[in-house]
């Protein structure tokens, strides 16, 4: 797991062209991306269906980049081993769907991979205070999950700032990830608020030159 003083760009392949997935992943590698973000949606927890372990396995066969699997699904504990076996290096689950979040966290840790917990824009940051010491990453959704291309929700910036304060007292190595509406225009402001892992989808994969788009984001972040 990367140290918390690093800034990490995690392109989301949800917005990629799946007919050209191999070459687009190679482009983000050339641009210097360290992670790939994998949006797993089940059509229940979120109103969309994306892909499952077979795509994760395919991505893992293409690249050695760190694979960041974000499970936007009901009953995630039933599927974590499946996604680990497919090649995920980090599995993030949602606080909103876990009846026993501590048990789910331990289940992921016991697989020997990193663990993250996510919360939606309307879920109070206070919901995850008790688990901050036990996870590697907290993902603050900066849009409501389900679809790419949405605009960043401004009030989520305050949640990033609050989480940064909480992490300073309880887990100074915590990675704070943001996902949704991250653009060239706002990424520096979000980093200054305390985020250090940035999921970027359409602002990379919908550009004519994906490699250069990655480099531009990294230059703005100074990485």
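Quick rundown of the values:
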{"quantity": "Average Cα contact separation per residue, the chain, under 8 Å, 6 or more apart, as relative contact order %", "calculated": "23 percent"}
{"quantity": "Fluctuation leader among 185, 77, 212 - the chain, Gaussian network, Cα springs under 10 angstrom", "calculated": "185"}
{"quantity": "Of 104, 23, 88, the one that fluctuates the most in a GNM where the chain has Cα springs shorter than 10 Å", "calculated": "23"}
{"quantity": "Packing-based exposure ordering (other Cβ within 10 Å, fewest first) of 44, 94", "calculated": "44, 94"}
{"quantity": "DSSP-defined antiparallel bridges as percent of all bridges, the chain, nearest 5", "calculated": "5 percent"}
{"quantity": "For the stretch 1-72 and the stretch 86-111, distance of Cα centres in Å", "calculated": "18 Å"}
{"quantity": "The stretch 38-118 - percent relative contact order, Cα under 8 Å, separation 6 or more", "calculated": "28 percent"}
{"quantity": "Shape category assigned to the stretch 8-221 from the gyration tensor of Cα positions, a/c cut at 1.5", "calculated": "oblate"}
{"quantity": "Sum of -39500 (n - 2.57) over DSSP H runs of 4+, divided by residues of the chain (222 nm, nearest 500)", "calculated": "-9500 deg cm²/dmol"}
{"quantity": "Gyration tensor (alpha-carbon) shape descriptor, the stretch 1-58, a/c threshold 1.5", "calculated": "oblate"}
{"quantity": "Footprinting exposure proxy for 63, 19, 183 (fewest neighbouring C-beta atoms within 10 Å first)", "calculated": "19, 183, 63"}
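Readers should treat all values here as calculations from the given coordinates under stated rules, not as data from a laboratory. Just so it is clear, the model here is predicted, and its values are computed rather than measured. Counting neighbours? That spans all protein chains shown, and the Cβs are built from the backbone with ideal geometry, glycine included.
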